Amino acid sequence: MAYLLKGVSILGAAPTDLAIVDGVISDKAPDDAQVIDATGLVALPGLVDVHTHLREPGREDAETVETGSRAAALGGYTAVCSMANTSPVADTAGVVEQVWRLGREAGLVDVQPIGAVTIGLAGKQLAELGAMADSAANVRIFSDDGFCVADPRLMRRALEYVKAFDGVIAQHAEEPRLTEGAQMHEGEVSTRLGLTGWPAVAEEAIIARDVLLAEHVGSRLHVCHVSTAGSVEVLRQAKARGVRVTAEVTPHHLLLTDELAAGYDPVFKVNPPLRTRNDVEALRQALLDGVIDVVATDHAPHAVQDKECEWSYARPGMLGLETALPIVLSVFGEKWDLIADRMSIAPARIAGLTGHGGDLSAGTPANITLVDPSARWVVDPAELASRSRNTPYAGMNLPGRIVATFLRGEATVLDGKAVK
Ligand code: DOR
Ligand code: ZN
């Protein structure tokens, strides 16, 4: 199917027509192209998420590759990198190929598996990084996310190993000895509530160590879900020295604060935890400055029984895919060049996903998301495509509706609805 997006604004520029023919962007549409009235709509390169939990294999009651892919497409994504903390863990070529194949079968977004750094995420022995890299899944990002690669020697070896094929280690920065029993951000609110705190320094200490290791080895480090003002300063200095480090921030850390824990609603429990207003301000500025490279969702679906229970028993994590762009729009406004860079171009570059994060010029793959910035909507957990319901934004009125998403020229979302 060919499409003609009539009167579309590309990244906020003056209205124009954009044609999609044979999977690529074209100057000219054939006569039988489906015409979409795109007046008032903005075209962006399809969004790319470097941090998504799809839960398959193992917790298909919380999400599957297919339901997560549908949530992603509805959120404007054309590619997602799926985290390795599945059951079994994605620590072998077999498991990453399985996830990759399930993604292809669903056909809604490109699912790029992330491989585990250590066997079983246990932090003891390196997984078969080379076999995962050489597999059909072509893994380039490795992460024990959910856990920190706390052992500095293992971290060094992992960085050395992936250097050979320009891979990257994505670190969940949490010094485990400093966060034993932690339930929320360590600060005034945790003191008041009597909950064990997760101190900012537990994140900052690992990032500081890892940028030094990455510098020593000369390999690429990516820092997952940066959450504190102090982490931003460590990253700023490392980047100024030329260390090959990139970093992500989640939509929830750009908007929400630790005050939300005061109601003991576990929907606000997440790891790393929601921080203070000061941290939120620093993270916003860091994203604007480019010290933080990308927005990543850390989409973390959880089944009702794992989430709607007492705070201390609830699993950490929040849904993110279907609300990411609206949250970013509500925080930063219609800064389309920023949004395209931080949510598509830079994440595609970090993940090595050629074909994504393009400039929407003629001849490039038609991975596109079409947004109505003027449409507002109220988040209703029951209406989300994710199999889980743990959104912290329930009842919020957000700007920005995804009208259509195209994956290599095929519509995955049209009129705000998933095509399959
Ligand atoms: O909140 C989180 N949830 N943080 C993590 O690091 C893991 C994730 C999950 O898998 O649920
Ligand atoms: Zn994590």
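Can you find even one residue in the range 10-18 that is modelled with pLDDT of 95 or more, within 17 Å of V111 (Cβ to Cβ) and β-branched (V, I, T)? No: the range 10-18 contains no residue that is modelled with pLDDT of 95 or more, within 17 Å of V111 (Cβ to Cβ) and β-branched (V, I, T). The residues of the range 308-319 that are within 11 Å of ligand 1 (Cβ to nearest atom) and touching a helix residue (DSSP H, G or I) at 6+ places or on another chain (Cβ under 6 Å), listed by number, are A314, R315, M318.
Given the residues A324, A300, which is the only one that is closer than 15 Å to G46 by Cα and surrounded by 20 or more Cβ atoms within 10 Å (Cβ to Cβ)?
Working: A300 fails: closer than 15 Å to G46 by Cα.
Being closer than 15 Å to G46 by Cα and surrounded by 20 or more Cβ atoms within 10 Å (Cβ to Cβ) holds for just one of A324, A300, which is A324.
Among what's in the range 83-105 and is within 16 Å of ligand 2 (Cβ to nearest atom) and over 13 Å from M132 (Cβ atoms), pick the residue that is farthest from the chain's Cα centre (by Cα). Checking each candidate, the answer is T86. A search for C-beta distances below 7 Å between a residue of the range 253-272 that is basic (K, R) and modelled with pLDDT under 95 and any residue that is in a loop (DSSP other than H, G, I, E, B) and away from ligand 1 (no atom under 13 Å from the Cβ), counting only pairs 6+ apart in sequence or on different chains, returns nothing.
Checking the range 138-145 against the condition returns no match, with no residue being of a type in the set (G, A, S), closer than 21 Å to P88 by Cβ and in a helix (DSSP H, G or I). For the range 141-199, a residue qualifies if it is more than 15 Å from ligand 1 (Cβ to nearest atom), closer than 24 Å to G317 by Cβ and polar (S, T, N, Q), and the qualifying residues are S190, T196.
What are the residues in the range 157-200 that are outside any loop (DSSP other than H, G, I, E, B), under 20 Å from T276 (Cα atoms) and within 16 Å of ligand 2 (Cβ to nearest atom), if any? Steps first, please.
Of the residues in the range 157-200, the ones outside any loop (DSSP other than H, G, I, E, B) are 157-163, 168-171, 176-178, 184-185, 188-193, 197-198, 200.
Next cut, under 20 Å from T276 (Cα atoms) only: 178, 184-185, 188-193, 197-198, 200.
Correct list: L178, M184, H185, W198, A200.
Answer with yes or no whether L213 is aliphatic (A, V, I, L, M) and in a helix (DSSP H, G or I). Judged against the criteria, L213 is a match.
Filter the range 37-55 for residues that are outside any loop (DSSP other than H, G, I, E, B) and either crowded, with 21+ Cβ neighbours inside 10 Å or polar (S, T, N, Q) (or both) and give the result. Spell out the reasoning first.
Within the range 37-55, the first condition is being outside any loop (DSSP other than H, G, I, E, B), and the residues that meet it are 37, 42-45, 47-52.
Across the range 37-55, the qualifying residues are V42, A43, L44, P45, L47, V48, D49, V50, H51, T52.
Residues considered: L102, L154, L108. Of these, the only one that is part of a loop (DSSP other than H, G, I, E, B) and more than 23 Å from V249 (Cβ to Cβ) is L108.
If I go through the range 257-279 residue by residue, how many of them are of a type in the set (A, V, I, L, M, F, W, C) and surrounded by fewer than 21 Cβ atoms within 10 Å (Cβ to Cβ)? Here the count works out to 2.
Going by the conditions given, is V24 at pLDDT 95 or above and in contact with a Cys (Cβ under 6 Å, 6 or more places away or on another chain)? Walk me through it before giving the result.
Values: at pLDDT 95 or above: yes; in contact with a Cys (Cβ under 6 Å, 6 or more places away or on another chain): no.
Criteria not met by V24.
Does D372 satisfy the condition of being more than 19 Å from the chain's Cα centre (by Cα) and more than 16 Å from ligand 1 (Cβ to nearest atom)? Taking the combined requirement at face value, the residue satisfies it. For the range 270-307, the tally of residues that are over 18 Å from A351 (Cα atoms), among the small types (G, A, S) and within 16 Å of ligand 1 (Cβ to nearest atom) stands at 2.
Residues in the range 397-413 that are surrounded by 16 or more Cβ atoms within 10 Å (Cβ to Cβ) and either part of a loop (DSSP other than H, G, I, E, B) or free of Cβ contacts under 8 Å to residues at least 24 places away in the same chain (or both): R408, G409. Among residues that are under 30 Å from A43 (Cα atoms), within 16 Å of ligand 2 (Cβ to nearest atom), touching a His at 6+ places or on another chain (Cβ under 8 Å) and of a type in the set (A, V, I, L, M, F, W, C), L283 is included. Taking every residue in the range 289-304 that is more than 15 Å from ligand 2 (Cβ to nearest atom) and pairing it with any residue that is at pLDDT 95 or above and hydroxyl-bearing (S, T, Y), at least 6 positions away or on another chain, the pairs with Cβ-Cβ distances below 7 Å are D293/T246; A303/S388.
The values are calculated or read from the model by the stated rules, or taken from the named source; none is laboratory data. For clarity, every value in this text was computed on a predicted model and none was experimentally measured. Note that we place each Cβ from the backbone using ideal geometry, even for glycine, and neighbour counts take in every protein chain shown.
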